[in-house]
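Worksheet: the structure to be examined is printed underneath.
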Amino acid sequence: MIEVFVKAVGLVAPGLLGWENAKAVFQGAQGYQPDEMPLLKPPMLLPNERRRTSNTIKLALQAIHDILGDNTTSNELAFVFASSEGDMEIVDHICSALNQVGRPVSPTHFHNSVHNAPAGYASISIGTHEPSTSLAALQGSFASGLLEASVQVVINKSQVLCVVYDNSVPFPLNEFIPIEKPFAAAMLLSLDADNSLAQLTLDLTTRLFESRMTDPQLEEFRMRNPAARSLPLLQQLATGKTASLQFTYLPGLGLDVEVTPC
């Protein structure tokens, strides 16, 4: 059993652009409208870096910016990034280039294709000296990322920023990986209860169940994007209610999360 505190949340998704906007939806003050995502320009990237990065990297970094704002200088912040597939847009570009004469793979696309590219850009932009972890676990990626980040908080007695993200997948790869809408969420985790949103108590379970959303559109979103499996937890953090949640983890295992508002 592991206990950590959520200090802050960031969110970027169609109709949920920013945590403050998303809270109004989760709290029922306004209905969910899955609007088109605007072009993301995370301020933590310089203009030249923005041109070299992919939409997936910008998605993950925008969720971080939603938490940190303009205060993006820290040499003591560790990261855990979790994505079910990584940057499939870049994979598509590289595969298409390999079908062309001369196989003109872009060096920029090549270095952006590695799974820890978002972590690299974030670490450089923020100037952190702490380690970062990048992982993937298909539909269990959110639970894996949350558990990994929480373990690091407890063991290292430090703050860890957990970022989960999955971008839409282009044709023809979307026939095998049907992710239609982008989603990224970030949670700053700590052992410090002061000014926290909630305490999370995590434990593994063999009782397989998956928490769902009551709103049909948000439930469909949750089912169609592995990073959006985090939606039930985000809703509880927004409403400030005690809850017992469960998330898909590894085959035969789930992750129980008890949410206790602070």
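The values are calculated or read from the model by the stated rules, or taken from the named source; none is laboratory data. Worth saying up front: this structure is predicted, and the values here are computed from it rather than measured. Positions of Cβ are generated from backbone atoms using ideal geometry, with glycine treated the same way; all protein chains shown enter the neighbour counts. Surface accessibility is based on the protein's heavy atoms, side chains included, excluding ligands, DNA and RNA. Shrake-Rupley method; radii C 1.70, N 1.55, O 1.52, S 1.80 Å.
Among the listed residues Pro107, Pro131, identify the single one that is without any contact (Cβ under 8 Å) to a residue 12 or more places away in the chain and surrounded by fewer than 20 Cβ atoms within 10 Å (Cβ to Cβ). Quick ask: steps written out before the conclusion?
On the way: Pro131 fails: without any contact (Cβ under 8 Å) to a residue 12 or more places away in the chain.
None of the others qualify; the one that does is Pro107.
Candidates Ala193, Ala149: the one that is part of a loop (DSSP other than H, G, I, E, B) and closer than 26 Å to Ile2 by Cα is Ala193.
Would you mention how many residues in the stretch 1-28 are open to solvent by less than 70 Å² (accessible area, probe 1.4 Å) and assigned to a loop (DSSP other than H, G, I, E, B)?
We begin by selecting, within the stretch 1-28, every residue open to solvent by less than 70 Å² (accessible area, probe 1.4 Å); these are 2, 4-16, 18-19, 21-26, 28.
Right, trim to assigned to a loop (DSSP other than H, G, I, E, B) and you get 13-16, 18, 28.
Number satisfying all stated conditions: 6.
Just checking, how many residues over the stretch 196-219 are open to solvent by less than 70 Å² (accessible area, probe 1.4 Å) and outside any helix (DSSP H, G or I)? So the count comes out to 13. What do you reckon, is Leu45 closer than 19 Å to Val169 by Cα and open to solvent by less than 30 Å² (accessible area, probe 1.4 Å)? So Leu45 does not fit the description; no.
Let's see how each residue does on (1) touching a Ser or Thr at 6+ places or on another chain (Cβ under 9 Å); (2) crowded, with 20+ Cβ neighbours inside 10 Å; (3) not acidic (Asp, Glu):
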site: Leu77; (1), (2), (3): yes, yes, yes
site: Ala82; (1), (2), (3): yes, yes, yes
site: Ile94; (1), (2), (3): yes, no, yes
site: Gln100; (1), (2), (3): no, no, yes
site: His111; (1), (2), (3): no, no, yes
site: Gly145; (1), (2), (3): yes, yes, yes
site: Ala149; (1), (2), (3): yes, yes, yes
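Checking each residue in the stretch 236-252 for being surrounded by 14 or more Cβ atoms within 10 Å (Cβ to Cβ), free of Cβ contacts under 8 Å to residues at least 60 places away in the same chain, in contact with a Leu (Cβ under 8 Å, 6 or more places away or on another chain) and farther than 10 Å from Glu210 by Cβ picks out only Gln236.
Taking the stretch 148-168, which residues are over 23 Å from Ala22 (Cβ atoms) and either in contact (Cβ under 8 Å) with a residue 40 or more places away in the chain or within 13 Å of the chain's Cα centre (by Cα) (or both)?
Restricting attention to the stretch 148-168, the residues satisfying the condition of being over 23 Å from Ala22 (Cβ atoms) are 148, 151-158.
Residues satisfying the conditions are Glu148, Val151, Gln152, Val153, Val154, Asn156, Ser158.
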